[in-house]
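Scroll down for the structure; my scribbles are underneath it.
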Number of protein chains: 4
Amino acid sequence: MNEEPGTDARGMGKSRIEALTDGIFAVAMTLLVLDVKPPGHLRLETSGALIDHLSNLEHSFVMYAISFVVLAMFWLGHHLQFHFVRRVDRQLLWINLVFLLIAVAVPFSTNLVGDHGHLQLPVVLYAVNLLVLTLLLFLQLRHLAASPHLTTPDLTREAVKHLRRSLLLFGVVPAASIAASFYSPRLGMYLYVLLAVPAFVPGRIDRLTRVKTDGDQPAP
Amino acid sequence: MNEEPGTDARGMGKSRIEALTDGIFAVAMTLLVLDVKPPGHLRLETSGALIDHLSNLEHSFVMYAISFVVLAMFWLGHHLQFHFVRRVDRQLLWINLVFLLIAVAVPFSTNLVGDHGHLQLPVVLYAVNLLVLTLLLFLQLRHLAASPHLTTPDLTREAVKHLRRSLLLFGVVPAASIAASFYSPRLGMYLYVLLAVPAFVPGRIDRLTRVKTDGDQPAP
Amino acid sequence: MNEEPGTDARGMGKSRIEALTDGIFAVAMTLLVLDVKPPGHLRLETSGALIDHLSNLEHSFVMYAISFVVLAMFWLGHHLQFHFVRRVDRQLLWINLVFLLIAVAVPFSTNLVGDHGHLQLPVVLYAVNLLVLTLLLFLQLRHLAASPHLTTPDLTREAVKHLRRSLLLFGVVPAASIAASFYSPRLGMYLYVLLAVPAFVPGRIDRLTRVKTDGDQPAP
Amino acid sequence: MNEEPGTDARGMGKSRIEALTDGIFAVAMTLLVLDVKPPGHLRLETSGALIDHLSNLEHSFVMYAISFVVLAMFWLGHHLQFHFVRRVDRQLLWINLVFLLIAVAVPFSTNLVGDHGHLQLPVVLYAVNLLVLTLLLFLQLRHLAASPHLTTPDLTREAVKHLRRSLLLFGVVPAASIAASFYSPRLGMYLYVLLAVPAFVPGRIDRLTRVKTDGDQPAP
């Protein structure tokens, strides 16, 4: 579908693309848990048998939690970049559709790792899946940085640099996971816990933000 | 992903986090009913056989209805607290992601109780699942109360106290369910009907609200 | 969760309840098609065999289309009433949650009719499912009509009468379906096509509306 | 449900119909990937066996990607037309509901092609499914063009012509797919890649738009 004169700038507002993105991530993140399920509804007779059964699912549980957080981080990465978007052109639209297409594959990759956690290949495929997502966020950022008519004035050179730096982690962790998978597939997966690190290490920038904000909008 | 200077306050508006939350709860609440399904598509030949079959599903139906209402109550609890949010910082974001992660596990817990209603363990796991959700709402409320720069001025000390008190029920009912499950697992589950009580016992506060509101905004 | 002084009127805006409703209906309406699927992935070798197979699914297809439209009509009925809502009190909230709980059961009822179309019982259960939904919309309308502080001034006595009348069809068609199911279960189901009639018979009121609107907002 | 005097113009705003549409497309697009799954959870012992298994799924993967993009294109087509909608009347509403009903069938058609890629019939059914969607977008556009009281003034005769022309591709590609399927079913499916062409061939119109827009809103 062409971006025609009649539809021009306002024709591709960002709100519905955001709605589709939020919807797809919500469904994908919820479907993850569907794979933490025993094949067939077996009826266990004692609590002991149930404990045995659930502990066999331990790996699936961990994979579910990791993939949920991973998808949430990519949703967040998309969210932060789209904050600066004012209009969507054809190229930005296609980057987004491919981003969603690859994001929806994460439950499949998760499933592969959950079922074949003893093999290296699924861990590598999972990492590649995430690296492609990271690449697409990079492409989107580059396109936004080069298209000031699509963005708000807030997207300064400074902001682009910061956004690019925060994408680094999304590339480094999967790469480290592939490296670690040669030693142990399971270790490769547990490395993704590192994605949560920035949540607990505020760092210099975070403190700056807080001070600046407090100054801007004094609490009542 | 870091909360950078360039993205600062406005970078994490609450609207998309609300959209993700609403989407995830909508999917999780709808998926509950998928578990009220016979394994395999059997074709019953008489109405009598169908009645027999459906009455075997009675426990699943009740569990579905209870979990639907339980999830709705937690969605509502989240909704009421987020009403006061103006900006989302990194900590609030992570509380929310973990909250969603645990909420999505409720269909799994429900499934466990539905399939093994005669055991105590699933009832305890279900209650623990809900207690963790309650704990996260408590943490969120504490964080909001301590971070006036994130909230609207409406979140007075009074409002915090009221919100905290209304969370009590979310903690007391699962705790009572665990206690009751020692006597009878089924009784433990049926206790959750108590969560609906506040809907039918208006109480002092409710009447106050109504008067105050009628005064504020007279009906046409 | 109580409606507390601190949260009062604005605490329960209608936007997020609408978002949850839209999400749940979207998921339920999409899940319907999941039941139009052969059990197991059989691989048919000729187009002839595939045609045989698909024509066996004819009943499922029709049921899917009927239930999709039925859910859409109830979503629309909810939508039209909520247009007049300004604030949500505890009672309105509970009517909505129970409405959603019963709406999510429609895919299950559809499944029953699809699998046991030769029996009368599923047709009756399906009709009862819809009658309960209609009853809840009636209760909601009565509550709104009696609570002017919750509604916009647009909800005149006239508008209430019209909304009530349009609910009639939602009650008459399922009742007729039950009656017809004594004669033939299949006929009972096909009666739901009547729900689409108002779409093609504009009637007096519709023409009035059109005139009035054209006068209000002349087209450019 | 009638469009009554009391509910008139404002009764059918477009925002909730857009929300339902976005939700249904999000679910349908995510469900596509659920079909890229081996029947039963087999546990493969070597990476070689897994590679064999995954390459058997190659056709499913390609079908998933094609259908995802196809659904995205139709979502986009709907989005562009709805940009011009100001009010929704009964006829527009029904066009939309049927559009959604047919769109939700796409995962089923995809599934058919994925499972029976060697037969011609599924490819034809898939193309028919898309042709019906295209027809509905045509009907919607015709209705909008003839109902200025429903649209914004932006929907000029020029804009209608451009929207209609961009729908052509949606009709030509499925038709070409049917023709090609007589030669090879697989070729018929791969033709859908053509839908992505406009994304990479900007053409005269696109350049015009860009100039015009740059003039309107100079980048900061």
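What follows draws every value from the coordinates through simple rules; no lab data is involved. What you are looking at is a predicted structure, and each value in this text was computed from that prediction instead of being measured. Ideal geometry is used to build each Cβ from the backbone, glycine not excepted, and the neighbour counts take in all protein chains shown.
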Across 10 Å bins beginning at 0, the whole-percent shares of Cα-Cα pair distances in the range D:134-175 come to 28, 52, 17, 2
For A:VAL193, inter-copy label-point distances (7 Å, Cα→Cβ), nm, shortest first, read 4.3, 4.3, 6.1
Label points for A:VAL172 built 7 Å along Cα→Cβ; distances to same position in the other copies, nm, shortest first, come to 5.0, 5.0, 7.0
If R0 = 60 Å, then A:TYR183 and C:ALA49, at their Cβ-Cβ distance, give a FRET efficiency to the nearest 0.05 of 0.75
Which of C:LYS161/D:LYS14; A:LYS14/C:LYS161; B:LYS14/D:LYS14; B:LYS161/C:LYS14 exceed 32 Å between C-alpha atoms? The answer is A:LYS14/C:LYS161
One decimal, nm, nearest first: from D:GLU158 to the same residue in each other copy, label points 7 Å out along Cα→Cβ, the values are 4.1, 4.1, 5.8
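Ranked by Cβ crowding within 10 angstrom, fewest neighbours first, how are B:HIS162, A:HIS149 ordered? Intermediate results must be reported in sequence, preceding the final value.
Working: B:HIS162 19, A:HIS149 16.
Ranking B:HIS162, A:HIS149 by Cβ neighbours within 10 Å, fewest first, gives A:HIS149, B:HIS162.
With a ≥ b ≥ c the root eigenvalues of the C-alpha gyration tensor of the range A:44-173, is it rounded (a/c under 1.5), prolate (a/b larger than b/c) or oblate? Spell out each step's value before the answer.
Details: a/c = 2.97, a/b = 2.76, b/c = 1.07.
Prolate, since a/c reaches 1.5 and a/b exceeds b/c.
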Exposure proxy check on A:GLU18, B:GLU158: fewest-to-most Cβ neighbours within 10 Å is B:GLU158, A:GLU18
